[in-house]
Amino acid sequence: MRAFSITCRACGAQRPFTHPIAACPECGGGWLDAVYEYGRYHHTEGLNTYRWPHALKRYGASLWRYRDLLPLRHDQNIVTLGEGWTPLLKAHNLGLMLGHPNIYIKDERQGPTGSFKDRQAAIAVSALKEASITEAVVASTGNVAIAYSAYCARAGIKLWVFVPSSVPVEKMREMSLYGSEVIKVTGTYDQTKEIAAQFATSKNIFLDRGIKGIAAKEAMKTLAFEVAEQLGAAMAGDDPMLLNTPRPWRAPDWYVQAVSGGLGPVGVMKGFAELNDLGLIDTMPKLANVQPSGCAPMIQAFRQDRATAVNVDDPMTDIITLATGKPGEAYEVLYELTKRHGGTFEAVTDTEAFQALRVVAEMDGISVEPATAVAFAGLFKLIRQDVIQPHEIVVVNCSGHTFPVEKQIVGEHFTRDMHVSNGASHHGRSEGLLTALEELDDRVQRIAIIEDNADSARLVRRILQAQGDFLIDEANDGITGLALIQRTRPNLVILDLMMPGMDGFDIVEIMKHDRYLSNIPVIVITAKELTAVERERLDGKIKGLLQKGTFMDSDLLNDIRQALPT
């Protein structure tokens, strides 16, 4: 049996854990944390050799590999659906576009119900089972309720779910599918939480206390454990000196997450703090806490350098899962963590979030829910503000799929109709198909990409492909590129300046003195910092100039729209 203690944030009182409690017996404080016998796991037998990483091998690849530092005393009470140990993916195309090569995505979409709340549900429901609790109440804006519904079904626990009426009906239907009692409240999320608490008190049913309780924060710290372990392995690569030893663990420079009640980053930072105490990492990440501007109580307070949140009584955002107007004590904790370890709070509009959602899907093939899009929009903004530097390692929490919001993003007309006659012969059908394809090409405008860097060329091609009907040709040096332009006479040339054989300056000059090519617009994308003389050479001869690693897809597309003939 594992033993752990609980400590009160308000008064510091500590006592052994025996059963779930709602408040500190000493002062009545409601914020409780778990504390473990860390000395059992911090043991050095030489440089960077620790007992705990060796011991993890016996537990396999799941959230429960960290069970020694989780608030469960007996393994037989674990309720699992295979949660945790989600991939840490490098955002190659986003990194290339933004000029930040070390952006990593912690892909929590791959949990059992598609969000990082599966971690919370797994540990919270396991703790309920261990305490012999058979009925519980939870308030949620969607993902928590879905995850708890699935895990309570597996554990045989009856769940009462209270949700605001603004939660998509598809999510309510999924909660109900698991057998939960779903109560729809016409009001804000904060009002929904109050009604859920009143119901639990009146019926004497256990109320999940979210961030103030123990299980939720302990669940989120497993994100930090996984990130540090996976990032250490990714940064170590194939170093032969490390083949037969555990890879060193590493904290990122930044941890980025969209914030509603604040549970995620609070728990994650607790995890990094424990790893620091164990000697497994030697730095703490900076926090980027991002909220929608229509419900940003934390951002308003932080900008005023206030340690308490500026409550929002009437949230004005379509991103319902982040519409918590009264974060309470959670903001105080995040404020302290941000002041201590660095970082910031940032707000983005719903429009910026939905744009970021599409960019992430089109650039790196990752489709996310609007709440996660808020995190990416915040990342883009902080990079453009030079708050996050190009050399820094960034991890973004990526949780939840786009369903059921694809219609808002893509719209109704996202396919093309192609009619093939059923009565034609096989030969006729083939010709009909080719004709239909040719008809599609009638709307295509031809673009030539002249770029010697394969990654840069692939990025530009991907941006164009994601946006519609372009016929794209490529060349990877100046001489071949000029021949391509002369042969195909494209509608637009996207040109690098520094290339072998013939540089982009020479291509521009030749085109402008050729009566067949002089009217073809040119957009230059370059990594080179241009001198005044070089800018003068291009003046009046190109339609746009973009710096590699600093432009978004929208910047390129805006220049293309202006350059292409209508």
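The values are calculated or read from the model by the stated rules, or taken from the named source; none is laboratory data. What you are looking at is a predicted structure, and each value in this text was computed from that prediction instead of being measured. Quick reminder, even Gly has a Cβ in these numbers, built from the backbone with ideal geometry, and neighbours come from all protein chains shown.
Taken residue by residue, the stretch 34-49 has no member that is small (Gly, Ala, Ser), touching a residue at least 24 places away in the same chain (Cβ under 8 Å) and closer than 29 Å to Met363 by Cα.
Only one entry in Pro240, Pro252, Pro248 is modelled with pLDDT under 90, buried (at least 18 other Cβ atoms within 10 Å of the Cβ) and either out of contact with any Leu (no Cβ under 6 Å at 6 or more places or on another chain) or not polar (S, T, N, Q) (or both), namely Pro248.
Listed here are the residues, each with its yes/no results for (1) assigned to a helix (DSSP H, G or I); (2) touching a Leu at 6+ places or on another chain (Cβ under 6 Å); (3) surrounded by fewer than 24 Cβ atoms within 10 Å (Cβ to Cβ); (4) not polar (S, T, N, Q).
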residue: Ser115; (1), (2), (3), (4): no, no, no, no
residue: Ala121; (1), (2), (3), (4): yes, no, no, yes
residue: Leu128; (1), (2), (3), (4): yes, no, no, yes
residue: Val144; (1), (2), (3), (4): yes, no, no, yes
residue: Ala147; (1), (2), (3), (4): yes, no, no, yes
residue: Cys152; (1), (2), (3), (4): yes, yes, no, yes
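Any idea which residue in the stretch 154-172 is surrounded by the fewest Cβ atoms within 10 Å (Cβ to Cβ), counting only those that are outside any helix (DSSP H, G or I) and among the small types (Gly, Ala, Ser)?
Within the stretch 154-172, the subset outside any helix (DSSP H, G or I) is 156-168.
The next check asks that each one be among the small types (Gly, Ala, Ser); those that pass are 156, 165-166.
Details: Gly156: 9, Ser165: 12, Ser166: 19.
In this case the residue turns out to be Gly156.
Residue-level check: of (1) touching a Pro at 6+ places or on another chain (Cβ under 9 Å); (2) without any contact (Cβ under 8 Å) to a residue 24 or more places away in the chain; (3) more than 20 Å from Phe470 (Cα to Cα); (4) not acidic (Asp, Glu), His513 misses just (1). Take the conditions (1) under 27 Å from the mean Cα position of the chain (by Cα); (2) in contact (Cβ under 8 Å) with a residue 60 or more places away in the chain; Ala233 misses just one of them, which is (2). Residues that are exposed (fewer than 15 other Cβ atoms within 10 Å of the Cβ) and among the small types (Gly, Ala, Ser) were ranked within the stretch 514-566; the one that is modelled with the lowest pLDDT is Ser554.
The set of residues in the stretch 470-521 that are among the charged types (D, E, K, R) and closer than 21 Å to Leu557 by Cα comprises Asp473, Glu474, Arg489, Asp496.
For the stretch 470-513, the set of residues classified as over 18 Å from Arg458 (Cβ atoms), of a type in the set (Gly, Ala, Ser) and either modelled with pLDDT of 90 or more or buried (at least 21 other Cβ atoms within 10 Å of the Cβ) (or both) consists of Gly478, Ala483, Gly504, listed by residue number.
When each of Met235, Met175 is tested for being at pLDDT below 90, of a type in the set (A, V, I, L, M) and part of a helix (DSSP H, G or I), the lone residue that passes is Met235. Only one entry of Thr324, Thr317 meets the criterion of being touching a Ser or Thr at 6+ places or on another chain (Cβ under 6 Å), farther than 21 Å from Ile105 by Cα and in a loop (DSSP other than H, G, I, E, B), and that entry is Thr324. For the stretch 328-342, what are the residues that are modelled with pLDDT of 90 or more and of a type outside the set (D, E, K, R)? Scanning the stretch 328-342 gives Ala330, Tyr331, Val333, Leu334, Tyr335, Leu337, Thr338, His341, Gly342. Restricted to the stretch 22-55, and to residues there that are under 14 Å from Tyr66 (Cβ atoms) and assigned to a loop (DSSP other than H, G, I, E, B), the residue that is modelled with the lowest pLDDT is Tyr41.
Of all the numbered requirements in (1) modelled with pLDDT of 95 or more; (2) in contact with a strand residue (DSSP E or B) (Cβ under 7 Å, 6 or more places away or on another chain); (3) in a helix (DSSP H, G or I); (4) of a type in the set (A, V, I, L, M), Ala228 misses one, and that requirement is (2). Selection of the stretch 262-300 for residues being under 18 Å from Met316 (Cβ atoms) and either basic (Lys, Arg) or touching a residue at least 40 places away in the same chain (Cβ under 8 Å) (or both) yields Val290, Gln291, Pro292, Ser293, Gly294, Ala296, Met298, Ile299.
Here is a yes/no grid of residues against (1) at pLDDT 90 or above; (2) surrounded by 13 or more Cβ atoms within 10 Å (Cβ to Cβ); (3) within 26 Å of Thr113 (Cα to Cα):
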residue	(1), (2), (3)
Gly60	no, no, yes
Arg65	yes, yes, yes
His74	yes, no, yes
Lys90	yes, yes, yes
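Residues checked against (1) buried (at least 23 other Cβ atoms within 10 Å of the Cβ); (2) modelled with pLDDT of 95 or more; (3) closer than 21 Å to Pro168 by Cβ; (4) among the acidic types (Asp, Glu):
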position	(1), (2), (3), (4)
Pro285	yes, yes, no, no
Phe302	yes, yes, no, no
Val312	no, no, no, no
Met316	no, no, yes, no
Lys326	no, no, no, no
Ala353	yes, no, yes, no
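Considering the conditions (1) at pLDDT 95 or above; (2) surrounded by 24 or more Cβ atoms within 10 Å (Cβ to Cβ), Phe345 is excluded by exactly one of them, (2). Each residue in the stretch 516-541 was checked for being hydroxyl-bearing (Ser, Thr, Tyr), part of a loop (DSSP other than H, G, I, E, B) and either in contact (Cβ under 8 Å) with a residue 12 or more places away in the chain or out of contact with any helix residue (DSSP H, G or I) (no Cβ under 6 Å at 6 or more places or on another chain) (or both), and 2 pass.
Selection over the stretch 254-296 of residues that are β-branched (Val, Ile, Thr) and either part of a helix (DSSP H, G or I) or closer than 17 Å to Glu226 by Cβ (or both) gives a count of 4. Within the stretch 489-536, the residues that satisfy the criterion of being touching a Phe, Trp or Tyr at 6+ places or on another chain (Cβ under 8 Å) and of a type outside the set (Lys, Arg) are Leu497, Ile525, Glu534.
Against the test of being closer than 24 Å to Val395 by Cβ and charged (D, E, K, R), the options Asp313, Asp282, Asp305 yield a single qualifying residue, Asp282.
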